[in-house]
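The structure appears below as structure tokens.
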Amino acid sequence: MRSTMGLSWKWTALFSLLGAILCLIGPALAVKEHEFKKCHQAGFCNRNRALADLAASQSSTWVSPYKAVFESPSLEDGKIQGVILKTINAAGDTVRLPVTISFLESGVARLTIDEERRQNKDIELRHGSAARKERYNEAANWSVVGGLEPALKAEIVHQDDSQINVKYGPEGNFEAVIRLSPFRIDFRRDGVSHIELNERGLLNVEHWRPKVERPEGEENTEEDESTWWDETFNGHTDTKPRGPESVALDISFHGYEHVYGIPEHTGPLSLKETRGGEGNYAEPYRMYNADVFEYILDSPMTLYGSIPFMQAHRKDSSVGLLWLNAADTWVDITKVKGSTNPLSLTSGAPKNTQTHWISESGIIDLFVFLGPTPQDITKKYGELTGTTAMPQEFALGYHQCRWNYFSEDDVKDVDRRFDKAHIPYDVIWLDIEYTDEIKYFTWDPHSFTDPITMGKQLDSHGRKLVTIIDPHIKRVDNYPINEQLLALDLAIHDKDGKAYEGSCWPGNSNWIDCFNPKAREWWKGLYKYDQFKGTMENTFIWNDMNEPSVFEGPETTMPKDNLHWDNWEHRDVHNLNGMTYHHSTFEALKSRKKGEYRRPFVLTRAFFSGSQRFGAMWTGDNLADWGHLQTSVTMLINQGISGFPFSGADVAGFFGDPEKDLLARWYQTAAFYPFFRAHAHIDTRRREPYLLGEPYTAIVTAALRLRYSLLPAWYTAFFHANRDGSPILRPMFWTHPSAEGGLAIDDQFFLASTGLLVKPVAEKDKYSADIWIPDDEVYYEYDTYNVAKTEQGKHVTFDAPIDRIPILMRGGHIIPRRDIPRRSSSLMRFDPYTLVVSVSKDGQAEGELYVDDGDSYEYQDGQYIHRQFSLKDDVLSSVDAEGRDTRKIKPGKWLKAMQNVHIDKIIIVGAPASWDREAVQIESDGRAWAAQVVYHAADKDRAAFATVTHVKARVGDDWSIKLA
Ligand SMILES: *[C@@H]1O[C@H](CO)[C@@H](O)[C@H](O)[C@H]1NC(C)=O
């Protein structure tokens, strides 16, 4: 959370008044764009764009000056190693760039390019800097956790003076054609080129060179050195002790018009072109984690987090790319009519998407994914960078936050009022004001005198508390945390090696350096219950401002020449910084008490590839307006396909007071956010759901109840995200990769594999939704069971008055629910289940339920229930989804308790008339009994449906029901 002024809450009244006056006279809220660089204001971006322009202007004569040499090339451990020679002048002098191309068992290929001279530390640093001399090569240490087994079957199938062909891939149908001079790689699948590196010759590794001191007035006539040695932006000077060192490469996606990914941005899912022209951006997409509050919509500007992972999709084919570099990174995208793709004859006039990746420093380290399905791409990416941690189950419930609940009494009062209004919630949050003058790990001595009693009240109905802990540590005497941080030398250093000082919420601060293993150990200790007094088992943590945000810093963050542990420059690791902090807190929560082995919950604002392993993210300081509501859906879909599905946006907008219709629509939308949290700026009016007045309180309550009833489906979705990296909000291209009309649709999604197709209403005064239908399956309205009048590839209109959410149920799915409204998710743990079966056109359906104790790691020892439900040939049945013999699992406490939990009710939508009967037989474990059926014949638009009640089938057991 971020304010335009760092005022304490005592000033709230005055501030609100001022705010009201400013609103009357001032322009609408918007980020101060000029505080952030444009490409032309970042020397390295500008230089690489200029190179691209030069190459384009010389198109047919441009030759990339990079040539690869492989001495007697061979594959060892799936790797081929050599050197790229970069010709640096007319005399033909070259610099050596060691190159490795690795082929992995998973079918992913990896390319790394370093610089020999820097590797050997054979350079001079300027300004007496203590920075490391090498190019940063440790991003993979933080991001990559698996998937690196070499492809032992990869083989060189051809080589001559100009190229080397390597065959690899799970089916042996991938091929890398490595051209030596100029260096290029063409990645092919089934003989067709999909991804090509350096096709346009924009590979650029800015090699080390000494600064030549010239007499005043004399300039380098060959090259423009103006941004090589230091750069000033908005009064901040970056000393750049290693001189120019950017890396860049062009990457073409042949025959692909759509590319997605590289969050976090506010534009459409299908990324736009960035080189100007009507409807395009004029700036590249930027990834440089920053505190960009009140951010603007439809922009390639950087935001709080970065995932440098892109996937390209066309009908029936997906490929992907991970550019593993944590420095300031810009990506230009252009699309050109393509002819290189032989498929173009059959699929109209596809475009080639050309991308240009530009990072300020570090090595080139990229991974190429050849698909062919979107599922392959997300799975392989998940193998490399890890998948979503199994969440605490409560974390899928509703979170009530604002800046700030000001006292224990305030918290307890909100808690009571939710109960009084019968509105469910799981977690109440404390923003910075709970601390003693923003000294983390302390409590305000006047307003939070007895946090344990408060925590216990919450715990008495299964609720949790989340408190904020940020990475800036107040620099003040008599604050032991700061004293230890400095005494142990665990802070990020400035360029001169002193603990870096900057300002954030507490005023003058230092920042913990979580790249330092000692700092991470120390951080762990701080969270122990006897250290962070006032916390208990139901306290969890929120990590904000971890880009890091520095109020007066360059682009609201740290100077790039700051130094981290091991003397890496901040420049090299910037985009990783937030993840190392988030990771440290995650580990800290795992070790709060000896023998306590529970899943952490930590929310982060900054993120990078791999952050999904440590908790949830949210999209930062949005605005209470309709545009931000719309954008949130697209942003969360993009997070999901980029490997980080546990994501949310502040409901109903952080800045500003939402009108009530907006607020109602926002809750209806957020009922489908993987992370569902209300949050509001300190200057906004209170907007807890019970305050809204009717009909709004009822509308919001209904949305919350819908969320809670579907929690079994949500939890199952997270289980899959954990197992294979699959997204939870699934865009049309992901679920229907052959449906060409859906490739750019980014305002509707399927909820995991439930078949629920949701299109939130995110427009003022709009009371219907046009839902695009990807296939010719039958679709039922979720709440009425009406059969939607759908046609494949066309929109269908769904009536959506203010109290209705457009949700269709695709035929062929079985959705688990819990229908008894409760105050929190943990109070529902042993409630009976309802199954909703939506019968497909051919009379079938399938679904899944995964459930475990929602808190511990005992699921790793088989303590979970995982059912596969199916309807086939008039028989509805449940079997273990993994084919386990569940009777052989020794049940622990939780699994024992689940033996008394039943499927209570089954609703079958689209039930054929042959099922019109009053009772059915249920068989389970050699026993049989009858359950009652009520059959409702089809009525006008409404499908026929049957309700089976008193089913009494144990949820963990095999059972079957013959319906006809
Ligand atoms: C990073 O990973 C590499 C390769 O596994 C390893 O050699 C190196 O020691 C690691 N660096 C750190 C700081 O852990």
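Amide H contacts for Trp511 (H built 1.01 Å from N in the peptide plane; partners 5 or more residues away or on another chain; cut-off under 5 Å): Ile473, Ile492, Tyr500.
Restricting the range 794-869 to trypsin sites (Lys or Arg not before Pro) that sit in a DSSP loop and have at most 11 other Cβ atoms within 10 Å of their own Cβ leaves Lys841.
With Cα atoms defining each centre, the range 716-767 and the range 825-845 are spaced 19 Å apart in the structure. Given a Förster radius of 25 Å and the C-beta distance between Ala938 and Tyr767 as r, what FRET efficiency does 1/(1 + (r/R0)^6) yield to the nearest 0.05? So the FRET efficiency works out to roughly 0.40.
Determine, for each peptide in 889-900, 286-297, 142-153, 581-592, the mean count of other beta carbons within 10 angstrom over its residues, then list the peptides with the highest first.
Final packing ranking: 286-297, 581-592, 142-153, 889-900.
A 1.4 Å probe run over the chain, with the rest of the protein chains in place, finds 36 Å² accessible per residue. Gyration tensor over the Cα atoms of the range 141-298: the corresponding equivalent ellipsoid has semi-axes (square roots of 5 times the eigenvalues, largest first) of 36, 26, 17 Å. In sequence order, the range 721-726 has phi-based couplings of 4, 5, 6, 9, x, 6 Hz under the Karplus curve 6.51 cos²θ - 1.76 cosθ + 1.60, θ = phi - 60°, and Gly or Pro positions carry x.
Karplus-based coupling profile of the range 884-896, in residue order and whole Hz: 6, 8, 5, 5, 8, 7, 6, x, x, 4, 5, 5, 4, with θ = phi - 60° in 6.51 cos²θ - 1.76 cosθ + 1.60 and x standing for Gly or Pro.
Of all accessible surface on the range 469-618 at a 1.4 Å probe, what whole percent is carbon and sulfur?
Numbers: 2190 of 4370 Å².
Answer for the range 469-618: carbon and sulfur cover 50 percent of the accessible area.
Contact order normalised by length for the range 539-649, with contacts defined as Cα pairs under 8 Å and 6 or more residues apart; what percent is it? Please list the in-between numbers first.
Numbers: 156 pairs, mean separation 26.0, N = 111.
That works out to 23 percent.
Pairs from the table (Lys37/Lys560; Lys420/Lys456; Lys379/Lys841; Lys67/Lys272; Lys759/Lys940; Lys38/Lys67) lying more than 22 angstrom apart at Cα are Lys379/Lys841; Lys67/Lys272; Lys759/Lys940; Lys38/Lys67. For Glu231, the residues whose modelled amide H falls within less than 5 Å of its own, excluding neighbours fewer than 5 places apart on the same chain, are Asp238.
Taking only the C-alpha atoms of the range 788-917, the Rg (one decimal) and the largest Cα-Cα distance, Dmax (whole number), read 17.7, 51 Å.
Relative to the longest principal axis of the Cα atoms of the chain, the long axis of helix 43-57 makes an angle of roughly 80 degrees. Suppose R0 equals 30 Å; then what is the FRET efficiency for Asp799 and Ala964 from their Cβ-Cβ distance, rounded to the nearest 0.05? Once rounded, the FRET efficiency stands at 0.35.
Out of every Cα-Cα pair in the range 738-962, what percent are more than 29 Å apart? Taking all Cα-Cα pairs of the range 738-962, the fraction more than 29 Å apart is 34 percent. Backbone geometry of the range 162-171 corresponds, through the Karplus equation with coefficients 6.51, -1.76 and 1.60 at θ = phi - 60°, to 3J(HN,Hα) couplings of 10, 7, 10, 10, 10, 9, 7, x, x, 9 Hz, x marking Gly and Pro.
Note: relative contact order over the range 469-618, using C-alpha pairs below 8 Å and six or more positions apart, is 24 percent.
Adding -39500 (n - 2.57) for every DSSP H run of four residues or longer, then dividing by how many residues the chain holds, sets the calculated 222 nm ellipticity at -5500 deg cm²/dmol.
Helix 517-526: angle to the longest alpha-carbon principal axis of the chain, degrees 0 to 90, nearest 10? The angle comes out near 30 degrees.
Pop out the carbon and sulfur fraction of the accessible area of the range 835-964 as a percent, whole number, probe 1.4 Å.
Working: 2900 of 6370 Å².
Within the range 835-964, the accessible surface is 45 percent carbon and sulfur.
On a 0 to 90° scale, report how tilted helix 626-641 is relative to the longest principal axis of the chain, with both axes built from alpha carbons and the result rounded to the nearest 10. So the inclination is approximately 80 degrees. Each of Ala130 and Arg417 was given a label point 7 Å from its Cα along the Cα-to-Cβ line. The distance between the two points is 5.2 nm.
Of the listed pairs Lys590/Lys893; Lys337/Lys764; Lys32/Lys764, which have alpha-carbon separations greater than 29 Å here? Long pairs (Cα-Cα over 29 Å): Lys337/Lys764. Between amide H atoms placed 1.01 Å from N, distances below 5 Å from Val651 occur with Arg677, Ala678, His679, all of them 5 or more places distant or on a separate chain. Relative protection proxy for 186-198, 651-663, from highest mean packing down: 651-663, 186-198 (other beta-carbon atoms within 10 angstrom).
Within straight-line reach of Lys121, meaning a Cα separation under 12 Å, sit the following aspartates and glutamates at least 8 residues removed in sequence or on another chain: Glu134. Here is the tail figure for the range 506-660: Cα pairs spaced more than 21 Å apart come to 53 percent of all pairs. The tail of the calculated P(r) for the chain, taken as Cα-Cα distances beyond 41 Å, holds 40 percent of the pairs. Expressed as a whole percent, the accessible area of the range 220-283 that falls on carbon and sulfur atoms is 41 (1.4 Å probe).
The values are calculated or read from the model by the stated rules, or taken from the named source; none is laboratory data. Keep in mind that what you see is a predicted model, and the values were worked out from it rather than measured. All Cβ positions, glycine included, derive from the backbone under ideal geometry; neighbour counts span all protein chains shown. In case anyone asks, the SASA skips ligands and DNA or RNA and just uses the protein heavy atoms, side chains included. Shrake-Rupley method; radii C 1.70, N 1.55, O 1.52, S 1.80 Å.
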